[in-house]
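Heads up: the structure comes next, in structure tokens.
The values are calculated or read from the model by the stated rules, or taken from the named source; none is laboratory data. Since the structure is predicted, the reported quantities are computational estimates derived from the model, not experimental observations. Glycine gets a Cβ as well: all are built from the backbone with ideal geometry, and neighbour counts include every protein chain shown.
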Amino acid sequence: MTKDDFGFGATRKSREAKIAAFSPRKESRDTELRDVDRVGDALGFVPREPSRSITPRRRKEIGPTIAINMRVPEAVAETFISYCEENRFSYWEGVADLMRKSGLL
């Protein structure tokens, strides 16, 4: 069998020549992006990037953890979730706060 049994050799060589001749454009993309932004602004589009830098919340180091999963009545769950939201607690912080208040922790 030869390397070009099916007659694709010429196509392969022309593709290789095109790839070898390729060179990236020298012009800047910043101009293109500014033009795109200008047109978008004129049409009423707004950028999705945040207008100010957002400071990520620091994660609390809590050490080793254990997952607890339980089913509770709806009324208990809704009350607990409301309690955590009002006090800006995560669920584990809400449990810890209630345990501290009851003298268990």
When the stretch 82-105 is checked residue by residue, the ones that are over 19 Å from Glu61 (Cβ atoms) and surrounded by 13 or more Cβ atoms within 10 Å (Cβ to Cβ) are Tyr83, Cys84, Leu98
One residue from Phe89, Phe45, Phe80 being in contact with a helix residue (DSSP H, G or I) (Cβ under 7 Å, 6 or more places away or on another chain), part of a loop (DSSP other than H, G, I, E, B), modelled with pLDDT of 85 or more and not aliphatic (A, V, I, L, M)
Phe89
